[in-house]
Structure formats: structure tokens, C-alpha cells
Amino acid sequence: ANRLSQFAGHLELPPIVQMAGSSVGKRLQGKVAIITGCNSVLGIGRATAHQFACNGVRALYICDFDGSNLPQLQSELKKSYGVEVHVQVFDASNEEAVKLVVDTAIANYGRLDVFFANAGILGAHMPVTDIPLDQFMWTIKVNVASVFLAVKYAAQAMKKTSADKPVSGGSIIATASTAGIRSGAGSTDYSASKAAVINMMQTSAFQLAGTNIRCNAICPGIIETGMTSVVYESARKRGTEGKIGQINPLRRGGNADEIARVALFLASDEASYVNAQFWAVDGGLSGSHPTVP
Ligand code: NAD
């Protein structure tokens, strides 16, 4: 619990992040961004909200179906970086809600530059033989439909403003997972959902050819967030916490800020020629193991 609390605030970053240094700059200056899945105190969405805010984003929509921590995040971001931050509480797999947040951004600012479709759930976390169909469908709905809706409505809005910007067009980013690249990691519903996200981002990039909208997926490895806290906590109790990192070439799990910094790059114009890609951000885990057929 003590170690978890180290991760609880972006301003109290774990040692590795302090060493790496959080990038503070103007890489998103003037841009308007939406991020889903921001409520979790340890999560990737929250860490990315900080990265976007300290990189000059003009306005940020922080979204989650659980809004309990969002007002605190909103005031933290406003106070620290002077960014306009809007709290939006909705289910990211609800079509009307996703359309509404995009419409709201356009109504308020006349533009949408970045949609980071990050909200997701771990799913059934049980053997394939035991997963009830409803549970399977629920994972697909939350993890896949949320990304589909983000692409659908963000691209509709971005199309109107991106085509005339040769370099700084729209950027749509989804959080997939290494579980979507390699077999054997994660439960069947989760892995299937993340493989679908990767393909959907690549296919969308081609469908949006000529619009100057980029679509990319990030594939985190094992990251200590709200989603994996149960795994870390039970490993700690068993004294096997070290084993989580042992299989990784970097000999550790990752933290949310290490994913957020990749999201920042993909959101920025520095990634202007990066499109239809899925990037494993996993300390080398997926690169160091052969894919099991
Ligand atoms: P997290 O649980 O800390 O954060 C996820 C957030 O998404 C939570 O705040 C949750 O309330 C929100 N959310 C869930 N369903 C939602 C919905 N239907 N609508 C709106 N919000 C919803 O976990 P995290 O690790 O930060 O997860 C972020 C993304 O990263 C997820 O898509 C997850 O699958 C992916 N990912 C995580 C890991 C990891 O090891 N933590 C690895 C690979 C991929």
C-alpha cells in the first residue's frame, strides 16, 4: 500500500520517472484534446492528462464513467498549468455520450485535435472455458466499441478542420495492449478486444486517407495502475512482487507516466508522419519473446 501511494499523484512521481524527467514544453500548444479513462488515480489516463496539460494543450476534456476523482484532477491541472479543463462523466461505449463530448469540444473551441481513447477494463480474467457470453460481450463493448465510437466521432469532427493543415492534422490514439499482439497474455476476451483495437486503428488510418488524420495504438506491457493493482497487491502479499519484472528485459514493470509520454508524442506534431502503427511500450517484453503460434 505504501508503494502504491507513491504512485498516487503525478507530482509525487516514482523515482524512475523523476530520473527520466517529465517533459514540460509546448508540444500541444493550442490543441484541444479529449482523454477517456482519467478517473483512476494510478491510471494511464490521468498521467496523460498531466502530460498534455504541462505541454501547452489549450483545452482538455477529462472523461470517465466514474467521476469521483475528476474534479480534483481538474483543479490540479488548472492550478499547475493554467489549462482549461472540462470534466465529462460518461460511459465511453455509449454512442450518444461520445458524440456529445465531441460536439461540445467543437461548439466551445471550433476544433478537436486529439482523441485519446484510453478507457478500458481487464475483463473476465478467467479461463476461456469459464467465461459467460455476457461477460465476453461486455469486455468487447467497453474495450472495442469505445474505441470505434472515438474514431467515428473524432474523425467526423477532425475532417472539417484537419485537411487544410498539412502537418498538424488530427491524432486519434487508442490504448490497446501487448495482450493484443502476443498470444498467451491476458484472458481471451481481453486479448481479443485489444487485438481488435489494433486492427481497427490501422484500418481506420487507411479509411481516413487524405484527411490528414493519424490513427495509432499504444500497447502497454505490465503497468502498475488501478487495473493491475490487484495483481501487484497479491504478489506483494506472497512476496513474489519481484517476479512480475523478472521476465522483462528491463527487470521491472512500467508505470503510467511511461505510457503517457508516448501518448504525448503521438498526439503532438512531432509524430506527424507516424500513422497506422501499434507501439509496444513494454520494456522489451514482446520483442524478446517469440510469438507463440
Ligand atoms: P485503470 O483501471 O487504472 O484506468 C482505467 C480507467 O478507465 C478507470 O478510471 C475506469 O473507471 C475507466 N473506465 C473503464 N470503463 C469505462 C467506460 N466504459 N467508460 C468510461 N471510463 C471507463 O487502468 P489503466 O491501466 O490506466 O488502463 C488504461 C488503459 O490501458 C486500458 O484500456 C487498459 O486496457 C490498458 N492497458 C493497461 C495495462 C496495464 O498493465 N495497466 C496494460 C495494457 C493495456
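Can you pull out the residues in the range 24-37 that are part of a loop (DSSP other than H, G, I, E, B) and among the small types (Gly, Ala, Ser)?
Selection gives Gly25, Gly30, Gly37.
Where the second residue is surrounded by fewer than 11 Cβ atoms within 10 Å (Cβ to Cβ) and modelled with pLDDT of 90 or more and the first is within 13 Å of Ser229 (Cα to Cα) and lies in the range 239-257, which pairs have Cβ atoms under 7 Å and are six or more apart or on separate chains?
Matching pairs, first to second residue: none at all.
Scan the range 217-232 and give yes if some residue there is more than 10 Å from the ligand (Cβ to nearest atom) and charged (D, E, K, R), otherwise no.
Taking every residue of the range 217-232 in turn, none turns out to be more than 10 Å from the ligand (Cβ to nearest atom) and charged (D, E, K, R).
Quick one: Val167 ticks every box in (1) within 21 Å of Val57 (Cβ to Cβ); (2) at pLDDT below 95; (3) within 13 Å of the ligand (Cβ to nearest atom) except a single one, so which number is it?
Going through the list (1) within 21 Å of Val57 (Cβ to Cβ); (2) at pLDDT below 95; (3) within 13 Å of the ligand (Cβ to nearest atom), Val167 breaks only (3).
Given the criteria among the small types (Gly, Ala, Ser), within 15 Å of the chain's Cα centre (by Cα) and within 25 Å of Phe136 (Cα to Cα), does Ala260 qualify?
Numbers: among the small types (Gly, Ala, Ser): yes; within 15 Å of the chain's Cα centre (by Cα): yes; within 25 Å of Phe136 (Cα to Cα): no.
The answer is no for Ala260.
Within the range 207-255, can you find the residues that are in contact with a Gly (Cβ under 9 Å, 6 or more places away or on another chain) and of a type in the set (Val, Ile, Thr)?
Thr211, Ile213, Ile222, Ile223, Thr225, Thr228, Ile244
Report, by residue number, each residue of the range 211-259 that is of a type in the set (Lys, Arg) and part of a strand (DSSP E or B).
Just the residues of the range 211-259 that are of a type in the set (Lys, Arg), to begin with: 214, 236-238, 243, 251-252.
Scanning the range 211-259 gives a single hit, Arg214.
May I ask you to list the residues in the range 38-71 that are of a type in the set (S, T, N, Q), within 13 Å of the ligand (Cβ to nearest atom) and either outside any helix (DSSP H, G or I) or surrounded by fewer than 24 Cβ atoms within 10 Å (Cβ to Cβ) (or both)?
Asn39, Ser40, Ser68, Asn69
Is it true that some residue in the range 234-243 is more than 10 Å from the ligand (Cβ to nearest atom) and under 27 Å from Thr36 (Cβ atoms)?
Residues of the range 234-243 more than 10 Å from the ligand (Cβ to nearest atom): 234-243.
Next cut, under 27 Å from Thr36 (Cβ atoms) only: none.
Looking through the range 234-243, none of the residues is more than 10 Å from the ligand (Cβ to nearest atom) and under 27 Å from Thr36 (Cβ atoms).
Can you tell me which residue within the range 201-210, out of those that are modelled with pLDDT of 95 or more and not in a helix (DSSP H, G or I), is surrounded by the most Cβ atoms within 10 Å (Cβ to Cβ)?
In this case the residue turns out to be Leu208.
Of everything in the range 177-198 that's in contact with a strand residue (DSSP E or B) (Cβ under 9 Å, 6 or more places away or on another chain) and within 29 Å of Ser162 (Cα to Cα), which residue is surrounded by the fewest Cβ atoms within 10 Å (Cβ to Cβ)?
So the residue we want is Ile198.
Any residue at all in the range 263-272 that is outside any helix (DSSP H, G or I) and modelled with pLDDT of 90 or more? I'd like the intermediate steps shown before the answer.
Step one: list which residues in the range 263-272 are outside any helix (DSSP H, G or I), which gives 268, 272.
Next, only the ones that are modelled with pLDDT of 90 or more stay: 268, 272.
There is at least one residue in the range 263-272 that is outside any helix (DSSP H, G or I) and modelled with pLDDT of 90 or more.
If Gly123 meets every condition in (1) more than 25 Å from Gln51 (Cα to Cα); (2) surrounded by 16 or more Cβ atoms within 10 Å (Cβ to Cβ); (3) modelled with pLDDT under 95; (4) away from the ligand (no atom under 12 Å from the Cβ) apart from one, which number is that one?
The one condition Gly123 does not meet is (4).
The values are calculated or read from the model by the stated rules, or taken from the named source; none is laboratory data. Model, not experiment: these values are computed from the prediction. A quick note on method: Cβ atoms are made from the backbone with ideal geometry, for glycine too, and the neighbour counts reach across all protein chains shown.
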